[in-house]
Amino acid sequence: MYIEVLGPLNVREQGISIVPSAGKPRQILALLVLRNGRAVSVSNLMEELWGDETPRSATTTLQTYILQLRRKIAKTLAHEQDRNAKDVLVTKYGGYQLNVGPGTFDLRTFERLAARGDAELEAGDALSASADLGEALALWRGSALQDVPAGPVLSMELLGLQEARMRALDLRITADLLLGRHAALIPELRMLTAQNPLHENLHAQLMLALHRSGSTWRALEMFQQLRGCLVTELGVEPSPRLQRLHQAILAGDPALDFAPAATAAGLHGQRTLLTVGPLR
């Protein structure tokens, strides 16, 4: 089965799409795909489709949606003797489970590459980390499941996916800064900080990139801009670690200058410098 969720939903078996056109069946398929190999309870599915306003006909309607999905799957298995639609979309006690079998799933590929990049960065291999994390992020074709209506259950799943994407992005930028790519990062970081005006790590990375590129005054300007947003929106000051970065830039601390480090220990020290604390 070929599955894509990091953008519009795309699920194909034998090259044939099994994605329904109607919104609620798409929600069911999306949730089953995200939890493939694990049962999704009927109560979870009903909560996703109707929230707190479950109609009296919910059980019958849900069974109809499952039947429609199985019919789509059955069409793709017409020439197979050893599998049928109920083997792919299985009825479990109190729920349903999608067994996708071997194939391609962009989310699992993203998770594998992101985990490998994280481990490589921790081990001091910033070059490999940047490549693997960049490849992981390139799998995203927009927002996850952007063409699927999201109820309360899917919304929580999507929140987790976005957090994973932002963590991979943060790690990739850190790797690129460790490799001395600060000047090339500035346009991307300007866009990202504009889109995420309260995200401390992105602002810290932009401040460092600007400082290393000879635009210290712009780095200080970014700090004041972030501080203004935090105070206005949340009533809080920037984190102590970000304030220390600000003071180090003001003082021209040589520890902020780019220094190629061939050892894992050297890279670990630089990575600590680039991590300014919890995200906001």
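The values are calculated or read from the model by the stated rules, or taken from the named source; none is laboratory data. It should be emphasised that the depicted structure is a prediction, and the values quoted were computed from it without experimental measurement. Virtual Cβ from ideal backbone geometry, glycine too; neighbours counted across all protein chains shown.
Worth pointing out:
- Summed over the range 75-94, the residues that are modelled with pLDDT under 90 and either of a type in the set (S, T, N, Q) or touching a Pro at 6+ places or on another chain (Cβ under 8 Å) (or both) give a count of 3.
- Of the candidates Leu177, Leu192, the single residue that is surrounded by 15 or more Cβ atoms within 10 Å (Cβ to Cβ) and without any contact (Cβ under 8 Å) to a residue 24 or more places away in the chain is Leu192.
This table checks each residue for (1) closer than 26 Å to Ser143 by Cα; (2) more than 24 Å from the chain's Cα centre (by Cα); (3) of a type in the set (Lys, Arg); (4) part of a helix (DSSP H, G or I).
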site: Ser21; (1), (2), (3), (4): yes, yes, no, no
site: Leu29; (1), (2), (3), (4): yes, no, no, yes
site: Val33; (1), (2), (3), (4): yes, no, no, yes
site: Arg56; (1), (2), (3), (4): no, yes, yes, no
site: Tyr65; (1), (2), (3), (4): yes, yes, no, yes
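- In the range 35-64, the residues that are under 17 Å from Val5 (Cβ atoms) reach residues that are hydrophobic (A, V, I, L, M, F, W, C) and not in a helix (DSSP H, G or I) with C-beta atoms within less than 8 angstrom, at least six apart or across chains, in these pairs: Arg35/Leu98; Asn36/Ile3; Asn36/Leu98; Asn36/Val100; Asn36/Phe105; Gly37/Leu98; Gly37/Val100.
- Qualifying residue in the range 206-225 (condition: within 26 Å of Glu111 (Cα to Cα) and not in a helix (DSSP H, G or I)): no
- The residue pairs whose first member lies in the range 152-164 and is over 19 Å from Pro8 (Cβ atoms), whose second member is small (Gly, Ala, Ser) and modelled with pLDDT under 95, and whose beta carbons are closer than 8 Å, counting only pairs six or more residues apart or on different chains, are Pro152/Gly51.
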